[in-house]
Amino acid sequence: MYRAVQFATVIFLASLAGGFSQSLTDQQVVEQIIQESRQAYYATGHPCACPEDLARNGSRCGGRSAYSRPGGAEPKCYPQDVSKTEIDNYRAQHR
């Protein structure tokens, strides 16, 4: 009986986790995509993904940010940078 309760609990929790990305609003998914994009850029050791970031010397990155420079990395910094297709892909990958 105890094993049956454990099994039912595991199944219940898994079903909750499986629906997590579906329960997020589009706005929340966009915020998650932006956060993941910025974190991926910072993981390269560079501090200036977006114009509002701060450089190592404490100054605002502005035009020195990867977002502002043509070519190379293209981090997502603003909601308008995230397409509906990217939102749909995020939901599909996080089911």
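The values are calculated or read from the model by the stated rules, or taken from the named source; none is laboratory data. Everything numeric in this text was worked out from a predicted model, so none of it was measured. With ideal geometry, Cβ positions are generated from the backbone for all residues, glycine too; neighbour counts draw on all protein chains shown.
Some points to look at:
- Count - residues of region 49-82 that are over 15 Å from residue 39 (Cα atoms), loosely packed, with under 13 Cβ neighbours inside 10 Å and under 13 Å from the mean Cα position of the chain (by Cα): 1
- Among residues of region 57-95, those that are among the basic types (Lys, Arg), outside any helix (DSSP H, G or I) and more than 26 Å from residue 23 (Cβ to Cβ), counted: 2
- Among residues of region 70-95 that are modelled with pLDDT of 95 or more, those with a Cβ under 6 angstrom from a residue that is part of a helix (DSSP H, G or I) and of a type in the set (Asp, Glu), sequence gap 6+ or separate chain, pair up as 87/26.
- The numbered conditions (1) modelled with pLDDT of 95 or more; (2) within 17 Å of the chain's Cα centre (by Cα) are all true for residue 45 except (2).
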